[in-house]
1. In nm, what is the difference between 0.36 nm times the number of residues separating E135 and N328 and their Cα-Cα distance?
2. Taking square-rooted eigenvalues a ≥ b ≥ c of the alpha carbon gyration tensor, is the stretch 187-284 rounded, prolate or oblate, where a/c under 1.5 means rounded and, failing that, a/b exceeding b/c means prolate?
3. Can you tally the net charge around R182? Count Lys and Arg as +1, Asp and Glu as -1, for every other residue whose Cβ sits under 9 Å from the Cβ of R182.
4. Would you work out which of I300, V139, M342 lies farthest towards the positive end of the dipole of the chain, given +1 charges on the beta-carbon of Lys and Arg and -1 on that of Asp and Glu, about the Cα centre?
5. Give me the angle, in degrees from 0 to 90, between the Cα long axis of helix 336-355 and the longest principal axis of the Cα atoms of the chain, rounded to the nearest 10.
6. Compute the helix-to-body angle for 295-311: its Cα long axis versus the longest principal axis of the chain, expressed 0 to 90° and rounded to tens.
7. Given points 7 Å out from each Cα along the Cα-Cβ axis, report the K229 to L42 separation in nanometres with one decimal.
8. Just by accessible area at a 1.4 angstrom probe, what is the order of E326, E321, E145, E233 from largest to smallest?
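The values are calculated or read from the model by the stated rules, or taken from the named source; none is laboratory data. As the structure is a computational prediction, the values presented were derived from the model and not from experiment. Quick reminder, even Gly has a Cβ in these numbers, built from the backbone with ideal geometry, and neighbours come from all protein chains shown. Remember, those area values only see protein heavy atoms, side chains included, never the ligands or the DNA or RNA. Shrake-Rupley method; radii C 1.70, N 1.55, O 1.52, S 1.80 Å.
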Amino acid sequence: MDLCKRFGFLFILILTVGCKQVERNFRASSQLIQYEGRYENLNDTSVALIGSGSVVEMNIVGDTCTLFLSNGVQDHSYVALEVNQEYKGRFLVDGSPIGIKLPSSDTSNVKIYKATEASTGDVIFNKVSAKKLIEVTHVYKPIIEFIGNSITCGMGAQTEEIPCDTGEWYDQHNSYLAYGPRTARALNCDYRLSCVSGMGMYRNWNDEEQPVMPDVYKNLRLNSNTSKKITFESKPDLVSIALGTNDLSLGDGKKDRSGFDQNRFISNYTDFVKMIFDMYPETKVVMLTSPMIGEREQRILLESLKIIQQNMTGKPVYIFEFAQMEPNGCGGHPNLRDHRKMAEQLIPFLGKLFDN
């Protein structure tokens with residue numbers, strides 16, 4: 001962790017040396033700053049980025065800016081930075097200001113994405129120092145919501161900076177480069193992520209009693225806290241669901257675990273899809289298989305999805321099958337290259353649904 005912090009400090013130092021003096025501080029509550037995804041406006045005018053891929057967007061005039069981010073629970077976390085639709089990398093959030101060199105003194109569109117997930121704690125955006133901000137204007141784009149588990153969150157994907165089995169369990173997270181956001185960007189769509197590592201449709205990776213996705217989806221922080229609910233301003237045009245890997249798993253092999261209950265899985269999944277259509281009547285739903293499970297489990301999952309599709313007769317429900325792969329990330333998860341391959345498979349399938 002010390003090495004990562006030193007790396008982050010040196011990177012920030014290189015970016016900020018020789019930069020012009022910025023002129024103003026803009027609080028996170030500024031009307032010139034926009035947000036999307038699972039986020040919360042805090043009492044002190046800061047904004048908490050909660051879910052994977054939740055985003056801060058600004059139009060900044062000038063050749064530099066400084067971002068002031070902090071953490072809600074953990075001592076560190078990560079964000080991904082995009083400038084003028086170009087990915088600039090993953091940045092360590094440890095309470096230190098992050099200086100950014102922008103491409104010119106003209107206007108730059110800057111987006112800060114949460115790279116970790118809801119269960120790792122909030123990333124808090126406090127303010128930005130810049131010469132000037134101007135209003136963000138949006139051109140309509142379709143929205144895809146990706147619902148899933150650790151694979152959808154990009155867990156264990158970025159292994160170059162911090163090797164697997166070192167640091168914290170979330171040190172290799174990068175939701176920005178997971179298959180879902182890659183797919184959405186390729187299709188010129190906006191996106192939202194609702195994902196929790198280890199989570200299933202009727203049981204989780206190593207337990208059968210904790211809340212599952214149908215229990216937590218409507219809760220702002222994707223946990224058992226029901227006091228704050230999601231209030232998305234925009235409804236998704238398409239909802240992609242990638243759950244079942246954890247339901248079918250054997251857990252850690254140490255804790256007692258019953259056999260897979262296919263009937264319960266199908267019942268919970270069907271009810272969840274019905275809930276999605278109740279919330280978003282005009283959407284389409286795509287159910288994904290998992291590229292990370294064995295042949296037998298894949299066969300059971302696909303069979304289950306076909307039954308769920310039949311249960312939803314008359315609704316636009318589709319099934320997409322990933323090709324099986326040997327994952328190269330941490331803990332049996334896909335790495336960045338694997339996520340790119342997954343996106344390359346998914347892009348043409350979803351593209352056809354938008355053409356219909």
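1. Working: separation 193, 0.36 × 193 = 69.48 nm, distance 4.18 nm.
Result for the pair: 65.3 nm of gain on full extension.
2. Values: a/c = 2.03, a/b = 1.75, b/c = 1.16.
Prolate.
3. Numbers: positive: R185, R340; negative: E344.
Counting the neighbours of R182, the net charge comes to +1.
4. It is V139.
5. 70 degrees
6. Taking Cα atoms only, the helix is inclined about 90 degrees.
7. If labels sit at K229 and L42, their model points lie 2.6 nm apart.
8. E233, E326, E321, E145
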